[in-house]
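The values are calculated or read from the model by the stated rules, or taken from the named source; none is laboratory data. Since the structure is predicted, the reported quantities are computational estimates derived from the model, not experimental observations. So basically every Cβ, Gly included, is an ideal-geometry build from the backbone, and we count neighbours across all protein chains shown.
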Amino acid sequence: MSRYFIDCRDYPGGTSKCSVALSADTKEELLEAVIRHGIQCHGLDDTPDFREKIMLDFKEAPSHFKV
């Protein structure tokens, strides 16, 4: 089974340097983790537009790849 991941270092905006990378077995689970991280750590708003755009940046890791 593949895992999906996203790395906050790929988004160099804002005032903090964030080194968090998130991964999950499903896109839905990853999306919820990304939303929580964005709200709690970066003060982002949970909007339909944000959800739609961030999911486009999810990457799929090969099943043998540990993220």
The number of residues in the stretch 39-56 that are at pLDDT below 95, surrounded by 11 or more Cβ atoms within 10 Å (Cβ to Cβ) and not hydrophobic (A, V, I, L, M, F, W, C) is 1
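Pull up the stretch 39-56, narrow it to residues that are outside any loop (DSSP other than H, G, I, E, B) and among the charged types (D, E, K, R), then point me to the one that is farthest from residue 23 (Cα to Cα).
At the first step, the residues of the stretch 39-56 found to be outside any loop (DSSP other than H, G, I, E, B) are 39-42, 48-55.
From what's left, among the charged types (D, E, K, R): 49, 51-53.
On the way: 49: 21, 51: 16, 52: 17, 53: 17 Å.
Per the criteria, the residue is 49.
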